[in-house]
Amino acid sequence: MKPSIKITLNGKEYRLRMTIRALINIEDELGVPISQIPSNVSIKQACIFIKAALRGENDKPVSAAEWDEILDNVDVADLMGAMQTLVSEIGGEGGESEKN
């Protein structure tokens, strides 16, 4: 199983898993290959990455309603911090991942 990355959004712990399905969903939503995404991502791009990889209880993707609630309440710094953690992990730079 792919490693999970622990993050906290709105005071709740979630896990990020960058699966092949998540990568495909990101490319589909952005309309470009991952390799063409600049290193200085926008908030919208960060949201697309986080949403694709975000897992809630029982390692299931979060529901549309839960994602909407996260977006309505998340601090920009927390969201971008989660994105930095995700990029560090998938880029092989280390961080706090946990194998499931």
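How large is the helix-only mean residue ellipticity at 222 nm for the chain, computed as the sum of -39500 (n - 2.57) over DSSP H runs with n ≥ 4, divided by its residue count, in deg cm²/dmol to the nearest 500?
My calculation for the chain gives -14500 deg cm²/dmol from helical runs alone.
If r is the Cβ-Cβ distance from LYS12 to GLN84 and R0 is 22 Å, what FRET efficiency results, to the nearest 0.05?
0.70
On a full-extension model of 0.36 nm per residue, what is the gain between GLU57 and VAL74, subtracting their alpha-carbon distance, rounded to one decimal in nm?
That works out to 4.3 nm of additional length.
Subtract the Cα-Cα distance of ILE20 and VAL32 from 0.36 nm times their separation in residues, and report this length gain in nm to one decimal.
2.8 nm
How do 55-68, 17-30 rank on mean C-beta neighbours within 10 Å, highest first?
Ranked by mean Cβ neighbours within 10 Å, highest first: 17-30, 55-68.
All of the numbers you see were taken from the coordinates with simple rules; none came from a lab. For clarity, every value in this text was computed on a predicted model and none was experimentally measured. Every residue, glycine among them, receives a Cβ derived from its backbone with ideal geometry; neighbour counts consider all protein chains shown.
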